[in-house]
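J.: The structure is given below, and queries will be raised subsequently.
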Amino acid sequence: MSQHIVEVSQENAQQVLIEESRQRPVLVDFWADWCEPCKSLMPVLEKLTNEYNGQFLLAKVNADQHQGICQQLGVRSLPTVMLFKDGQPVDGFAGAQPETAVRELLDKYLPKPWDLSLAQAQGMIAGGDFVGALELLRPAYEESQQQANIGLVLAQVYLELNRCDEAEAVLGNVKMVDQDATYEQLMSQLQLKREAAKSPEVQALEEELNKDPDNREAAYKLAVQFSQTGQYREALELLLNLLRKDLSYEEGAAKKAYQDILASLGKGDPLAVEFQRKLYTLLY
């Protein structure tokens with residue numbers, strides 16, 4: 001039997017139905033040997049228990065052996081399935097149901113895949129692994145239809161990685177109703193990072209480039225400065241323009257800097273994908 005399936009008795013009923021359901025949902029199946037519909041439902045419940053791998057506990061109650069538990073919970077027919085959450089029965093059904101119906105019931109109370117990714121990412125953030133957290137949060141944010149709580153954590157990670165443009169884009173999507181104290185704090189951090197990035201050297205190079213847009217040396221130096229402060233889009237755009245004019249600028253230094261930024265972003269990063277494609281177009 002799976003470690004996520006238990007037989008309920010008078011001795012463990014309190015622990016399984018009440019205490020365990022405060023940790024995760026508990027699906028309670030009331031059955032008996034003589035009940036034919038029970039025999040068709042039980043394999044469905046066991047299959048889903050294995051598939052969801054610990055997101056809920058399946059608790060089996062033999063109605064013949066534990067009539068007291070059945071009476072306490074008002075079970076009148078078999079099979080009966082109850083879903084316990086936070087120590088209380090919150091949902092359920094009587095009679096054998098198809099897998100789709102059981103799945104719909106579970107999905108109302110189980111965490112969504114993006115919630116699980118968020119929890120995992122928060123553990124990574126606590127351990128200082130912001131790149132790993134980013135790989136989980138980006139798809140979770142999109143799959144959740146840009147849920148605000150995930151967006152705020154994603155923006156926090158972008159800021160930790162000095163990726164101000166992406167952080168600003170995510171924060172710009174946060175609806176007014178979700179603009180809480182965390183949002184305000186992240187906006188302040190974004191502003192401070194923007195100001196810190198404007199070093200005298202960066203400002204001088206920007207002025208130089210504004211006066212002479214064809215100044216390749218200034219463009220290259222500015223791109224390097226941008227890459228060091230996490231302004232990767234700006235750095236890549238400057239380097240791409242340089243490569244369009246001179247593919248072997250500074251004996252390949254511009255091309256190497258470009259590829260180094262792509263490598264640091266990681267293969268699945270949308271920014272890396274976009275600029276990898278642009279480089280490929282330029283080369284081939």
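The values are calculated or read from the model by the stated rules, or taken from the named source; none is laboratory data. Everything quoted here is computed from the prediction, not taken from an experiment. Methodologically, a virtual Cβ is constructed for each residue, glycine included, from the backbone with ideal geometry; neighbour enumeration extends over all protein chains shown.
J.: Output the number of residues of the stretch 255-265 satisfying the condition of being crowded, with 17+ Cβ neighbours inside 10 Å and either outside any helix (DSSP H, G or I) or modelled with pLDDT of 90 or more (or both).
T.: Of the residues in the stretch 255-265, 5 are crowded, with 17+ Cβ neighbours inside 10 Å and either outside any helix (DSSP H, G or I) or modelled with pLDDT of 90 or more (or both).
Residue-wise test of (1) small (G, A, S); (2) assigned to a loop (DSSP other than H, G, I, E, B); (3) closer than 21 Å to G128 by Cα.
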site: A155; (1), (2), (3): yes, no, yes
site: Y158; (1), (2), (3): no, no, yes
site: V174; (1), (2), (3): no, yes, no
site: Q185; (1), (2), (3): no, no, yes
site: Q203; (1), (2), (3): no, no, no
site: E207; (1), (2), (3): no, no, no
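J.: Taking the stretch 8-61 as the region of interest, how many residues are aromatic (F, W, Y) and more than 20 Å from D107 (Cα to Cα)?
T.: Adding up the residues that qualify gives 3.
J.: From the list G268, G252, pick out the single residue that is touching a residue at least 60 places away in the same chain (Cβ under 8 Å) and exposed (fewer than 15 other Cβ atoms within 10 Å of the Cβ).
T.: On inspection, the qualifying residue turns out to be G268.
J.: Let me ask something else. Given the criteria among the aliphatic types (A, V, I, L, M), surrounded by 14 or more Cβ atoms within 10 Å (Cβ to Cβ), modelled with pLDDT of 95 or more and outside the structural domain of L238 (by TED's automatic domain parsing), does V131 qualify?
T.: no
J.: Show the residue pairs that are 6+ apart or on different chains and have beta-carbon atoms under 8 Å apart, the first residue being within the stretch 180-197 and free of Cβ contacts under 8 Å to residues at least 12 places away in the same chain and farther than 16 Å from N162 by Cβ, the second being among the acidic types (D, E) and surrounded by fewer than 16 Cβ atoms within 10 Å (Cβ to Cβ).
T.: Within 8 Å, no pair qualifies.
J.: Counting only residues that are aromatic (F, W, Y) and either without any contact (Cβ under 8 Å) to a residue 24 or more places away in the chain or out of contact with any Leu (no Cβ under 8 Å at 6 or more places or on another chain) (or both), how many does the stretch 52-104 have?
T.: Going through the stretch 52-104 one residue at a time, the tally reaches 1.
J.: Tally time: how many residues in the stretch 56-70 are of a type in the set (A, V, I, L, M) and more than 30 Å from K112 (Cβ to Cβ)?
T.: 2
J.: Shifting gears a bit: What tally of residues in the stretch 49-85 results from selecting those that are of a type in the set (S, T, Y) and more than 19 Å from I5 (Cα to Cα)?
T.: Result for the stretch 49-85: 1.
J.: When K85 is evaluated against the numbered criteria (1) among the basic types (K, R); (2) loosely packed, with under 13 Cβ neighbours inside 10 Å; (3) closer than 25 Å to Q15 by Cβ, which criterion, by number, is the only one it fails?
T.: (2)
J.: Please verify whether the stretch 240-247 includes one or more residues that are within 18 Å of P270 (Cβ to Cβ), in contact (Cβ under 8 Å) with a residue 60 or more places away in the chain and either aromatic (F, W, Y) or assigned by TED's automatic domain parsing to the domain that holds D269 (or both).
T.: There is no residue in the stretch 240-247 that is within 18 Å of P270 (Cβ to Cβ), in contact (Cβ under 8 Å) with a residue 60 or more places away in the chain and either aromatic (F, W, Y) or assigned by TED's automatic domain parsing to the domain that holds D269 (or both).
J.: Among all residue pairs at least 6 apart or on different chains, which show Cβ distances below 6 Å where the first residue, located in the stretch 22-45, is under 21 Å from N12 (Cα atoms) and the second is basic (K, R) and modelled with pLDDT of 95 or more?
T.: Cβ pairs passing all conditions: P25/K85; D29/K60.
J.: So, one more: Need a quick list: strands (runs of 3 or more DSSP E) entirely within the stretch 1-94 having at least 1 residues that are among the basic types (K, R).
T.: Strands (runs of 3 or more DSSP E) meeting the threshold: 57-62, 80-85.
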